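The values are calculated or read from the model by the stated rules, or taken from the named source; none is laboratory data. Since we're looking at a predicted model, the values are computed, not measured. Please note: Cβ atoms are built from the backbone with ideal geometry, for glycine as well, and neighbour counts cover all protein chains shown.
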Amino acid sequence: MKQLIFVLLFVCGVVCAHGGFRPIKFRNCKSEFEVLSVEASDCDSDDSNKCPFKRNTEPTIRIGFKPNRNVNSLKANVRAKLEGGADSKSFVSFALENENACQGSNITCPLVEGKTYFYSQSVKVAKEYPLVDVQVNWLITDPENSDSSKREICIIFLAKGEEKYIMLNKEQRTIVDVIMESIQDGNTQPRYFFIDGSDGTRKTFVYATLYYLMRGRNPKVK
């Protein structure tokens, strides 16, 4: 009887531990490690292709993987791109509070080759973020790897906004690209941009998009 109770408790513990997460569809972008699964919390949707992260929440991403070698340290980096963006220049780094994947992320280094691990990290979704679909590129790399082109873990998945807004059109993307390129060119001199348009041309959406991209690079942007 005691054995039966122990087994039931053990099974319940495993199920409850995974109950708040749901598998999400992802694309493996040439990971060196074997990626076993990608899951997300607070993902209340029947659409496995996109996870509707709500604003003013803090969902958690969990990645199951097996290293192909022993590893002493890992670093996490997340990039975001508004779905439908003009090109790769629309990708910007998303500020993570903890870039050390070996601390506070459910794994402790060193990692052993062939052993299964579950990395987890929460991400704050600010209430100011625009309601658009976002392409997320999650990277976990080994700082000690001499080949910087290698990515131990590289996945891409879609995070869906609370509502489906019209994506940036060609002219709007041009405005956003020009302003974002001016921020990333290393020039620290102040510059001014004037965005004009008639009523109904979605200037407010362009402002919100710029705010999202800038805040992704620097949480201090207000």
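Some points to look at:
- Cβ-Cβ under 6 Å pairs, at least 6 apart or on other chains, region 138-151 side in contact (Cβ under 8 Å) with a residue 24 or more places away in the chain and among the β-branched types (V, I, T), far side buried (at least 19 other Cβ atoms within 10 Å of the Cβ) and not in a loop (DSSP other than H, G, I, E, B): I140/A76; I140/I153
- When E39 is tested against (1) at pLDDT below 70; (2) on the phi < 0 side of the Ramachandran plot, exactly one condition is not met: (1).
Conditions (1) at pLDDT 75 or above; (2) surrounded by 17 or more Cβ atoms within 10 Å (Cβ to Cβ); (3) over 22 Å from the mean Cα position of the chain (by Cα), marked per residue:
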| position | (1), (2), (3) |
| --- | --- |
| T141 | yes, yes, no |
| S148 | yes, no, no |
| E163 | no, no, no |
| I166 | no, no, no |
| R173 | no, yes, no |
| V178 | yes, no, yes |
| V206 | yes, yes, no |
| G216 | no, yes, no |
